[in-house]
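The values are calculated or read from the model by the stated rules, or taken from the named source; none is laboratory data. In this text, all values refer to a predicted model and were calculated from it rather than measured experimentally. Cβ placement follows ideal geometry from the backbone for every residue including glycine, while neighbour counts extend to all protein chains displayed.
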Amino acid sequence: MKKDKVLVIGAGGQIGVELVAALRHLYGADNVVATDIREAHPMLKGRGPYEILDAMDGNAIRAIISKYGITQVYLLAALLSATGEKDPRRAWDINMESLLQLLDIAVQEKLAKVYWPSSIAVFGPTTPRDNTPQQTIIEPRTVYGISKYAGEQWCQYYNLRWGLDVRSLRYPGLISWRSAPGGGTTDYAVEIYHEALKHGRYTCFLSEDTYLPMMYMDDAIRGTIELMEAPAEKLGTRMAYNLSAMSFSPREIAEAIRKHIPDFAIDYAPDFRQQIANGWPRSIDDSVARAHWGWKHDFDLALMTADMLKNLGGK
Ligand SMILES: NC(=O)c1ccc[n+]([C@@H]2O[C@H](COP(=O)([O-])OP(=O)(O)OC[C@H]3O[C@@H](n4cnc5c(N)ncnc54)[C@H](O)[C@@H]3O)[C@@H](O)[C@H]2O)c1
């Protein structure tokens, strides 16, 4: 078992609860401190150290780093794309201030590694939408995307200027059965499975042919840990890596569900999230991640659908 002591900030969200479980498996339960601004999520209760922590409170972060002898931090606290558009200034403040503060603390406390997730939301309507490359036109139109792109630049800056080992991935929409999504534009691809099993029908907030890049949570967690475990010399960029597994539209996910639930019905009532989706890529070229540190996805739409329905349906 490894000697690192890991702090996860924003651990009670869709990614955090699964990431903490995987990190505890790797490093030992007592060596991974889960924290969030909220009371412990049921998946985090009684399974290892847990603290209430506000990602904006630098003194409290320092105190926890010193109390547990933390060597690595994963910062997951953020306001996501759809929530961010409802309160842009708050999204900017939370997403940026929490990162800048942590980067400073990491340099001062000589942390070994920091992880901070970016998103495909960095891309905008002027970006090539198919097979979007790692380096391309990046002109985001949402406050979430602006904060993620600025954050990527700050991560690179701290790496170049102070040698901080900070790593990042541009996640696509993430789909999971253990944890609920937290206010993103791709949340429909989780809700649809719940509704298919519960009611046999779903009204989608995106139109039927809206293609977006997506990934099953198992792949995202494994990819995150593989990036963090990769030898530093393999990482040719300190901007976030494009990461990809599959792309599909609401119509295609409905068809995949119908292979298991033949009567499943879907209709469409696009809302403000359609506008956000229209500015994002349809598919992502992640060949740089594949070449630099060996990224490879396991789950496609059919495999993911079978796994989601099996786990959510208890069959
Ligand atoms: N889920 C996705 O599809 C996706 C895609 C791309 C990028 N990301 C990024 O991954 C990270 C985690 O996303 P998620 O889906 O788990 O989000 P989420 O909304 O499900 O979870 C975020 C967690 O942060 C906590 N939080 C919010 N403000 C906080 C604060 N001030 N202090 C401490 N905790 C606070 C929340 O209570 C919540 O538990 C975010 O940076 C997000 O932008 C997620």
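Quick notes
- For region 38-84, the set of residues classified as among the β-branched types (Val, Ile, Thr) and over 15 Å from residue 15 (Cα atoms) consists of 52, 61, 64, 65, 70, 71, 83, listed by residue number.
- Taken over region 120-150, the residue count meeting the criterion of being among the acidic types (Asp, Glu) and without any contact (Cβ under 8 Å) to a residue 60 or more places away in the chain is 1.
- Of the residues making up region 37-70, those that are basic (Lys, Arg) and outside any helix (DSSP H, G or I) are 38, 45, 47.
- Selection of helices (runs of 4 or more DSSP H) fully inside region 71-189 by the criterion of at least 1 residues being β-branched (Val, Ile, Thr), at pLDDT below 95 and within 28 Å of residue 202 (Cα to Cα) returns 81-86.
- Subset tally (residues that are within 9 Å of the ligand (Cβ to nearest atom) and closer than 20 Å to residue 281 by Cα) for region 158-180: 7
- From the list 60, 106, the one residue that fits, being small (Gly, Ala, Ser) and without any contact (Cβ under 8 Å) to a residue 12 or more places away in the chain, is 60.
- Residue that is surrounded by the most Cβ atoms within 10 Å (Cβ to Cβ) [pool: residues in region 232-246 that are assigned to a loop (DSSP other than H, G, I, E, B), out of contact with any Leu (no Cβ under 7 Å at 6 or more places or on another chain) and modelled with pLDDT of 95 or more]: 244
- Being closer than 27 Å to residue 123 by Cα and in a helix (DSSP H, G or I) is a property that holds for residue 228.
- Looking across region 37-46, the residues that are closer than 14 Å to residue 18 by Cα and in contact (Cβ under 8 Å) with a residue 24 or more places away in the chain come down to 40, 41, 43, 44.
- Filter pass, residue 5 being under 24 Å from residue 162 (Cβ atoms), surrounded by fewer than 22 Cβ atoms within 10 Å (Cβ to Cβ), away from the ligand (no atom under 15 Å from the Cβ) and within 19 Å of the chain's Cα centre (by Cα): no
- The set of residues in region 22-42 being under 19 Å from the mean Cα position of the chain (by Cα), more than 10 Å from the ligand (Cβ to nearest atom) and surrounded by fewer than 21 Cβ atoms within 10 Å (Cβ to Cβ) consists of 22, 24.
- Tally, over region 67-82, of residues that are in contact (Cβ under 8 Å) with a residue 24 or more places away in the chain and either away from the ligand (no atom under 15 Å from the Cβ) or surrounded by fewer than 16 Cβ atoms within 10 Å (Cβ to Cβ) (or both): 5
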